[in-house]
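What follows is calculated from the coordinates using simple rules that are stated; it is not laboratory data. Values in this document were obtained by computation on a predicted structure and should not be read as measured data. Heads up, the Cβs are rebuilt from the backbone with ideal geometry, glycines too, and the neighbour counts pull from every protein chain shown.
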Amino acid sequence: MANCHLCGTYIAPREPHYRREVYSGSSSGVGLSWRGNAWWTGRRYTGIRTLCLACAQQVDAARAPGPRLLVLLAFVVLGVLAFALFH
Ligand SMILES: [Zn+2]
């Protein structure tokens, strides 16, 4: 018996279980050492959790580089080409 970590949907044993590394919390705080140095600590925790198909696809989509990044990359390439041509 398993439930999706994100949406809680029951996943039947005969259905595929998708294992993905997902964000599972964070902690942060200010520390003070015995020498008087203060520092800020921040930590993100991730873990392998069982997900249903829909949530696994969402996680995969979030991981993949989006179209926005490709557009940005295209502009950078065009900019470099323009610089090479006109200078
Ligand atoms: Zn789910």
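Key figures
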quantity: Nonlocal amide H pairs with residue 3, under 5 Å, H built at 1.01 Å; calculated: 11
quantity: Segments 57-63, 9-15 sorted - mean Cβ within 10 Å per residue, highest first; calculated: 57-63, 9-15
quantity: Residue 20 long-range amide H proximity, modeled H, under 5 Å; calculated: 49, 51
quantity: Phi to ³J(HN,Hα) by Karplus 6.51 cos²θ - 1.76 cosθ + 1.60 over the stretch 43-59, Hz, x for Gly, Pro; calculated: 8, 10, 10, 10, x, 7, 10, 8, 10, 7, 4, 4, 6, 4, 5, 5, 5
quantity: Residue-by-residue Karplus 3J(HN,Hα) for the stretch 4-12, coefficients 6.51, -1.76, 1.60, Hz, glycine and proline x; calculated: 5, 5, 8, 10, x, 4, 6, 10, 5
quantity: Highest to lowest packing among 20-26, 71-77, scored as the average C-beta count within 10 Å; calculated: 20-26, 71-77
quantity: Gain in span if fully extended, residue 60 to residue 83, counting 0.36 nm per residue against the direct Cα distance; calculated: 4.7 nm
quantity: Sorted by Cβ density within 10 Å, fewest first, the residues 19, 49; calculated: 19, 49
